[in-house]
1. Kindly list, by first and then second residue, each pair from a residue in region 164-187 that is touching a residue at least 60 places away in the same chain (Cβ under 8 Å) and farther than 23 Å from Gly44 by Cα to a residue that is in a loop (DSSP other than H, G, I, E, B) and open to solvent by 50 Å² or more (accessible area, probe 1.4 Å), limited to pairs with Cβ atoms under 9 Å and residues at least 6 apart or on different chains.
2. Among the residues in region 210-217, are any of a type in the set (Asp, Glu), modelled with pLDDT under 95 and under 30 Å from Asp76 (Cα atoms)?
3. Report the residue count in region 1-23 for those that are more than 9 Å from the ligand (Cβ to nearest atom), among the aliphatic types (A, V, I, L, M) and in a strand (DSSP E or B).
4. If I ask for residues that are over 21 Å from the mean Cα position of the chain (by Cα), part of a loop (DSSP other than H, G, I, E, B) and of a type outside the set (A, V, I, L, M, F, W, C), which ones from region 232-241 would you list?
5. Give region 144-177 a look and list any residue that's assigned to a helix (DSSP H, G or I) and either in contact with a His (Cβ under 6 Å, 6 or more places away or on another chain) or surrounded by fewer than 19 Cβ atoms within 10 Å (Cβ to Cβ) (or both), or say none.
6. Picking from Gly89, Gly44, which residue would you name as being within 13 Å of the ligand (Cβ to nearest atom), among the small types (Gly, Ala, Ser) and crowded, with 19+ Cβ neighbours inside 10 Å?
7. Restricting the first residue to region 212-225 and requiring it to be open to solvent by 50 Å² or more (accessible area, probe 1.4 Å), which pairs with a second residue that is within 12 Å of the ligand (Cβ to nearest atom) and acidic (Asp, Glu) meet a Cβ separation below 9 Å and a spacing of at least six or different chains?
8. Considering region 185-231 alone, what residues qualify as being part of a loop (DSSP other than H, G, I, E, B), away from the ligand (no atom under 12 Å from the Cβ) and not hydroxyl-bearing (Ser, Thr, Tyr)?
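The values are calculated or read from the model by the stated rules, or taken from the named source; none is laboratory data. All of these numbers come straight from a predicted model, not from anything done at the bench. Here the Cβ positions follow ideal geometry from the backbone for every residue, glycine too, while neighbour counts run over all protein chains shown. For the accessible areas, the whole protein counts, side chains as well, though only heavy atoms, and no ligand, DNA or RNA atoms are used. Shrake-Rupley method; radii C 1.70, N 1.55, O 1.52, S 1.80 Å.
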Amino acid sequence: GPGGPLLKLSNVESYYGPILAIRGISLELARGQIVTVLGANGAGKTTILKTISGVLDPEKGAVELEGRPIQRMAPDRVVRLGISHVPEGREVFPFLSVLDNLRMGAFPRTDRDAVQRDLEKVFGYFPVLKERAHQPAGQLSGGQQQMLAIGRALLARPKVLLLDEPSLGLSPLLVKEIFKIIRRLNDEEGVSMLLVEQNAHIALETAHYGYVLEVGRIVMDGTCRDLMKSDDIQEFYLGMK
Ligand code: ATP
């Protein structure tokens, strides 16, 4: 209902063929929040996002958006209901222009004037995309492609943005820049986000609440402030001991 979480997973299990990749995942994203899922390589972070976005059907459990079950819906329907996925590795269309890539993000919408306004808004957050609007996306740097992937997802006007390791392959400086914009999008536009990251430092600084994923299971959760103070998190995820 309206008072409940925006997005909720209950006891979700997903397989790749015979391989159980995530087991008994339960988590919640409240409206207006950034929630992070931390975990090492192969822990199952991408699998959680694919299960939410409908790319992968869970074997068990429920995924609910505003109380409505969405598990086993097709990905384009999930987008129309308000969940946009920024995949790992960005997956921009390299031969299309930056502008056309952005326009692709607006495919579920019919409100053309509002799309134009949102495009200008995205250019406000990512001025380099405006400068390069007519260049093929494949000519952008890794950081710029990440910006494009986020911008494209925003053009669907999502209720929930799923971010898969936005820090991947970027220099520390660019990571800072991208995460600053992620925070602004949350603060200024109220975009709710589920952020999966291997970079625990930046994820805990950015998000409100966090879950720790190990071998397909959630082993710990709490406010990011509390997680940062945890001895285990400091030792195994922040490399401080
Ligand atoms: P990464 O940061 O490497 O993407 P991750 O935490 O996102 O790691 P997942 O990609 O969700 O991890 O993978 C979870 C588990 O599922 C891993 O053991 C992985 O080897 C396995 N897996 C992922 N994709 C497939 C696939 N297409 N077929 C078979 N097994 C897979």
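1. From residues that are touching a residue at least 60 places away in the same chain (Cβ under 8 Å) and farther than 23 Å from Gly44 by Cα, the pairs are Asn186/Gln33; Asn186/His208.
2. Scanning region 210-217 turns up no residue that is of a type in the set (Asp, Glu), modelled with pLDDT under 95 and under 30 Å from Asp76 (Cα atoms).
3. 3
4. Within region 232-241, Gly239, Lys241 qualify.
5. Correct list: Pro172, Leu173, Leu174, Lys176, Glu177.
6. Values: Gly89 fails: crowded, with 19+ Cβ neighbours inside 10 Å.
Result: Gly44 is the single residue among Gly89, Gly44 that is within 13 Å of the ligand (Cβ to nearest atom), among the small types (Gly, Ala, Ser) and crowded, with 19+ Cβ neighbours inside 10 Å.
7. Qualifying pairs under 9 Å: Met220/Glu214.
8. Once the filter is applied, which keeps residues that are part of a loop (DSSP other than H, G, I, E, B), away from the ligand (no atom under 12 Å from the Cβ) and not hydroxyl-bearing (Ser, Thr, Tyr), region 185-231 yields Gly190, Val191, Ala207, His208.
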